[in-house]
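Contents: one structure, followed by commentary.
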Amino acid sequence: MTDLLSTPIEFLKGVGPQRAASLQTELGVFTFRDLLNHFPFRYQDRSVFHEIRDIHLVDNYLQLKGKITQMGEIGTGRHRKLTARFEDNSGTVDLIWFQGIQWVKSNLLVGETYLLFGKPKAFNQQWTIPHPELTKWGEQSKELGLQAMYPSTEKLNTKGLHAKGIGKLIQTLLPQIKQHIPEVIPPYLIEELNLVSREQAYVQIHAPKNEVEFKQARYRLKFEELFFLQLELLLRKEIRAKKMKGFIFPELGNLFNRFYTEYLPFELTNAQKRVLKEIRKDFLHGEHMNRLLQGDVGSGKTLVALLTILMGIDNGFQGALMAPTEILATQHYESLRELVKDLPIEIALLTGSTKKGRRLEIHDGLQNGSIHLLIGTHALLEDVVQFSNLGIVVIDEQHRFGVAQRSKMWGKNSVPPHVLIMTATPIPRTLAMTFYGDLDVSIIDELPPGRKPIQTIHRRENHRPKLLQFIQEQIELGRQIYIVYPLIQESEKLDFKNLQEGFDLITDAFPSPQYQVSMVHGKLKPAEKDAEMQRFVRAETQIMVATTVIEVGVNVPNASVMVIESAERFGLSQLHQLRGRVGRGAEKSYCILMTGEKLSKESMKRMETMVMTNDGFQISEVDLQLRGPGDLMGTQQSGVLNLKLADLSRDGQIVSLAREKAREILEKDPDLLLPENSILNQRMRQVLKSRPNWGRIA
Ligand code: ADP
Ligand code: MG
């Protein structure tokens, strides 16, 4: 059987070579199949009629029945327009055409009754309908269901392929290929979930008779899309587990035990213990660990990372810890070195600003095995950085690294090292399931005891005097204060000015020698940055004025107030991350969001969310609603977002269902060998073949 769906689009009646070329370049539609998968973005209900006197209530496309009572032209040349008056029993409305005037003029009859479809606009306080669609009454199609509107482009418009023109093509296509749309989901699953068939779904999404039909169709096609994505992710995970051997760390050795019993600064939380057990289990099975560690800001992920690395070193392997910024890498280096200072462990720091001499020393130390743990930034990824025996890699604050970078770490050893990925702030569940769907996930859902919740307050400029007074009171209580300014690349100059003004304002209000103020920003050299940071860490300064360079990871437990200037310019997860810099000691802490008077609805929602909750998991869900998955995960990750219908910010339930079903199936039939799963088997083989390197990419 020839595959009808693969027929080039050119051969569809009404297309031809020219339109085909435009469909290809503009919409990526090459074949019948592609056109079938070009879905409507909206439907217009053609079963409802309106009256002209209600136009102002509708504010959308509407359908009228009435007569044309006048027609006339105004303007000349390019400014030529055709106007007409349209009347029903309730009133009159103006119609206007800017193009195709000749054609319209010779086809419309004054006095004739028409079915009108269009979207009114107010011109000079007068309702006017530009370019309405008019059909002689009696000649309209019998089925007044929902009319599909398709995404189009300007260029296609000029070829007559506007939102409805494309619809016409699809209506031509559907009857021809209906019988050739194969089912891809096994019958037992269709029945269990009460899905419409694939053929039915395509008909109903392009030509629904009513809302129920289109909803059924959309649900079915979304499920299909997400189900195959989940099946692929789970299969990859399964295949990797089977194929790829991981190092076994049999010993809970000397270093781990000594650290745990003698040097652990505090009892681990139950959540930390549980996660360590999950990791330890991975290390015993000879499988390769590829695990995502999710935990809110301040939940103690670093300590889990250290203990994990110790398990590796105890078994004769080296470890690496990669962080997204120099400040954070340095901070990890210092705090981990302090924690293990009485243990025989050699730790090195490698960043962009490591001096050449030291760099060479480090390269040597890694290759001869004298360095046990390397901490650093992207610098770790360079090819010259070679280990003698890398066994475990921890990547902190994952969302800043891309998949390609992750997989590069894998290549640092002949057997890939175990990988633990830690997120800075929680990711919404549906995104974790999709973007990290082939990873195992551990969650720290508990903060260390004794933390007082941070009180978050939203204030405007008129409150500044009170703010300064509050800062002073806190300093008198012995606390330290962060004041953070936004930094956006394009307007770096302006931001720097804001920062400098802020700094001046603060030093005026808090003059030396009584008060000391630090300032950290992107223009400082790393060494200067570090020196300023250290002054604050040692409590030699009471106030730290900074840009977001301090965003992730810094830890100064005595700091109890976080003031965020122009808070409306920050995203939610950034605000939450910044807030997480305080509330680390035992003192009651505050986060003060300073904003301008007028806020957009979305900014207001962000402020309200911050004030309402400290829970990073909850915040991430709101963030997803506000920003959508693409923005949240960054462009590096957007490959996974090639979803045509499903929307990860809205279809969480379908994502969960799809994952659950995919898992159930693979549990019963891991290799998809049962006869009832043969269609899945076929499809997955194709998918996996078409993804090069899938096995090695985390
Ligand atoms: P994050 O998960 O944001 O990376 P950190 O690892 O920086 O958090 O830990 C935040 C703070 O909590 C640090 O000061 C750390 O020493 C402390 N901490 C971690 N675990 C515990 C614990 N079990 N009990 C008390 N404090 C802890
Ligand atoms: Mg951290």
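The values are calculated or read from the model by the stated rules, or taken from the named source; none is laboratory data. No experiment lies behind these values; they were computed from the predicted model shown. For neighbour counting, all protein chains shown are included, and Cβ atoms are generated from backbone atoms with ideal geometry for every residue, glycine included. Keep in mind that these areas ignore ligands, DNA and RNA; they rest on the heavy atoms of the full protein, side chains included. Shrake-Rupley method; radii C 1.70, N 1.55, O 1.52, S 1.80 Å.
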Practice task
Give the cross-link partners of LYS168 among the lysines, using a straight C-alpha distance below 22 Å as the criterion and excluding same-chain residues fewer than 8 apart.
Solution key: LYS13, LYS119, LYS136, LYS142, LYS155, LYS159, LYS178, LYS209, LYS215, LYS644
Problem - DSSP-loop GluC sites (Glu not before Pro) across segment 555-616, with at most 12 other Cβ within 10 angstrom - result: GLU597
Practice task
Grab the beta carbon distance between ALA21 and VAL212, set R0 = 60 Å, and tell me the FRET efficiency rounded to 0.05.
Solution key: 0.95
Exercise for the section: Based on the mean of other Cβ atoms within 10 Å per residue, sort peptides 19-26, 334-341 so the most packed one is first. Expected result: 19-26, 334-341
Completion exercise
Helix-only [θ] at 222 nm, the chain, -39500 (n - 2.57) per DSSP H run of 4+, per residue, nearest 500, equals -12500 deg cm²/dmol
Problem - Computed over the chain: relative contact order in percent, which uses C-alpha pairs under 8 Å that are six or more apart - result: 12
Handout entry: Accessible-area order (highest first, 1.4 angstrom probe) of the listed residues TYR188, TYR482
Key = TYR188, TYR482
Completion exercise
Taking every DSSP bridge whose two residues both lie in the chain, the antiparallel percent to the nearest 5 is 40
Problem - Degrees separating the helix 652-668 axis from the principal Cα axis of the chain, which is the longest one - result: 70
Handout entry: Charge dipole (debye, nearest 20) of the chain; +1 at Cβ of Lys and Arg, -1 at Cβ of Asp and Glu
Key = 1320
Fill in the blank from the handout: Sorted on mean Cβ neighbours within 10 Å (highest first), peptides 668-674, 679-685 come out as 679-685, 668-674
Exercise for the section: Set the Förster radius R0 to 25 Å, insert the Cβ-Cβ distance between ARG650 and GLU608 as r into 1/(1 + (r/R0)^6), and round the FRET efficiency to 0.05. Expected result: 0.75
Exercise for the section: Give, as a single signed number, the net charge of other residues whose beta carbon lies under 10 Å from the beta carbon of PHE256, with Lys and Arg counted +1 and Asp and Glu -1. Expected result: 0
Completion exercise
With Cα coordinates, the longest principal axis of the chain makes an angle with the long axis of helix 678-689, in degrees rounded to 10, of 60
Exercise for the section: Leaving ligands, DNA and RNA out of it, work out the accessible area of TRP97 with a 1.4 Å probe and give it in Å² to the nearest 10. Expected result: 10
Completion exercise
In order over segment 532-541: 3J(HN,Hα) from phi, Karplus 6.51/-1.76/1.60, θ = phi - 60°, whole Hz, x for each Gly or Pro, gives 4, 4, 5, 4, 6, 4, 7, 6, 6, 10
Handout entry: segment 455-613 - convex hull of the alpha-carbon atoms, volume per residue in Å³
Key = 110
Handout entry: Hydrodynamic radius of segment 48-144 per Kirkwood, over alpha carbon pairs, in Å
Key = 13.7
Practice task
Compute the distance in nm between two label points, each set 7 Å from the Cα along the Cα-to-Cβ direction, one at GLU473 and one at LYS155.
Solution key: 6.3
